[in-house]
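Worksheet for the structure shown next.
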Amino acid sequence: MATSTGIPNAVTTGTRFNAWYKREDSWSILIALGLIAAITAAFFSGGLGIFKAMAVTVPGWANDLGKLAAGLGSNSVGLLYLYGFFLVLFGVAARIMGYDLGRFAAGFTLLFLVSIIITVLGSNKFLKEWQLETPLLALIIGMAVGNTVRLPQWFHSALRTEFYVKTGIVLMGATLPFTIILQAGPMAILQATIVAVTTFAAIYFAATRLFGLEPQFGATLGAGGSICGVSAAIAIGGACRSEKEHVSVAISMVIIWAVAMIFLLPATAKFLGLAPGPAGAWIGTSEFADAAGFAAAEAIGDERAVKTFTLMKVIGRDMFVGVWALLVAFLSVTIWERKSAAQAEKVGVGEVWNRFPKFIIGFFIASIVTTLVITYADPKLGTLYNKEAIGAIKTLRGWTFTWTFLCIGFTTRFRELTSFGWKPFAAFAVGVAINVPLGYILSNIVFVEYWLGIK
């Protein structure tokens, strides 16, 4: 699921007691699907102009600042549309979810301005040659600022990592044909099953048998390392009634390794000369958070890597959270807490739905809608729709991910990440030591033909 930062936000959205309209999953689906529907309707009615203007891209530049200034000037109206459009959408959602609207608006304004600077820098040809494109720059600069400057509280109101990444993931669904999901989905689930079970077992065994940690603590660490990062740690920690401190430590573990893998996985993939498809699948298997994984996949520099990452991480691993929550809750009340049958709490199948990452449903709907449009439209019109409408969605998706990566950087505190003992770190490291090579073997040897086939 979503990434490793914005922890209070993640805890809030993870609880089942919130009404649907108080959850970021719901709003990410509504905003993204509404945007896709609006762009599709505008395309067929001939009114795509405003959306094409909003889909601002910065052309590559080297030393010609005059050309850069002219390019930005020609896109100034589009940037205003982009800012106003998302400010209204996110602002309405923020107000209904209970955030302070004034602080959120001020914070998003600053975040947007910084994202423009990051996008301009990420378009520089020299930085591109060093693989320092927009996602990694956003993360690096965000972490540099976040760990050296005391950010105002009103700015933190807009650092909603999960909100932005979930919106981006649903938008990603529109760019990924449903036929590809049907083709590779079962393989992604199979590979995810192998990795999730192996990694969870390794971390749990190391935590409980080697380092003497409580079973609930081991399960929380294992979930964070094997399924979907922060959200899994929160969901499984709640399912087995792990202590709040244990959940916080598990979240810290996810953050540390997710940030490290943003740099290590794409660099290693390029050093080994891996093809984009298998490289993206490896990242999807071995990364620990969606937003961090998208940054790593984007660093490969090929859309195929982003597609296979999405299939592996979002479709394959993220969907396990509900099942794991059910199993862990059952183990907790029947074994770990050693309650009698009369005292044991009932764990119903409804727990799977309570814990299921709802934004994945939006991802599937988006994919089905755009696939149907392209399939049943006139071939020439379908091609044009794919180029103009889907092209605009891809660009808007890119902006949501840039805001996501900035949020990760701004909210990652190195000092806080080292404020725990060595045992949880060691247990998590055991899982990493197994997860990364296993993911490489599965993605680049065992199932490599499947991932090479993704175009």
In bins 5 Å wide, starting from 0, what share of all Cα pairs of segment 239-289 does each bin hold, as a percent?
5, 19, 22, 16, 13, 10, 7, 6, 3
Just check segment 95-151 against the gyration tensor rule for me: Cα atoms, a ≥ b ≥ c as the square roots of the eigenvalues, rounded for a/c under 1.5, and otherwise prolate or oblate depending on whether a/b exceeds b/c.
prolate
For I117 and R415, extending 7 Å from Cα along the Cα-Cβ vector and measuring point to point gives, in nm, a value of 2.3 nm
Ranking L221, L48 by Cβ neighbours within 10 Å, fewest first, what do you get?
L48, L221
Semi-axes of the equivalent ellipsoid of segment 404-453: what are they in whole Å, largest first, if each equals the square root of 5 times a C-alpha gyration tensor eigenvalue?
31, 19, 4
Cα principal axis extents for segment 110-241, largest first, Å:
49, 45, 29
Between E243 and W422, what is the label-point separation in nm under the 7 Å Cα-to-beta-carbon projection?
2.1 nm
Rounded to two decimals, the Debye log10 I(q)/I(0) of segment 353-454 (Cα scatterers, no solvent) at q = 0.13 Å⁻¹ is -0.94
If the label point sits 7 Å along Cα→Cβ of N63, residues of segment 106-123 with amide N under 19 Å come out as 121, 123
So what are the ³J(HN,Hα) numbers for segment 161-176, from phi and the Karplus equation (6.51, -1.76, 1.60; θ = phi - 60°), rounded to whole Hz, Gly and Pro as x?
3, 5, 4, 5, 5, 5, 4, x, 5, 5, 4, 4, x, 5, 9, 10
Students often forget the sequence filter, so: which lysines lie under 16 Å Cα-Cα from K166 once same-chain residues fewer than 8 apart are removed?
K22, K307, K313, K358, K394
Span from the segment 274-288 Cα centroid across to the segment 143-218 one, whole angstrom
14 Å
Which FRET efficiency, nearest 0.05, do F126 and S74 yield, Cβ-Cβ r, R0 25 Å?
0.65
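Each reported figure results from applying straightforward, stated rules to the coordinates on display, with no laboratory input. On a predicted model such as this, the values are computed, not experimentally measured, just so you know. Reconstructed Cβ throughout: ideal geometry from the backbone, glycine too, with neighbour counts over all protein chains shown.
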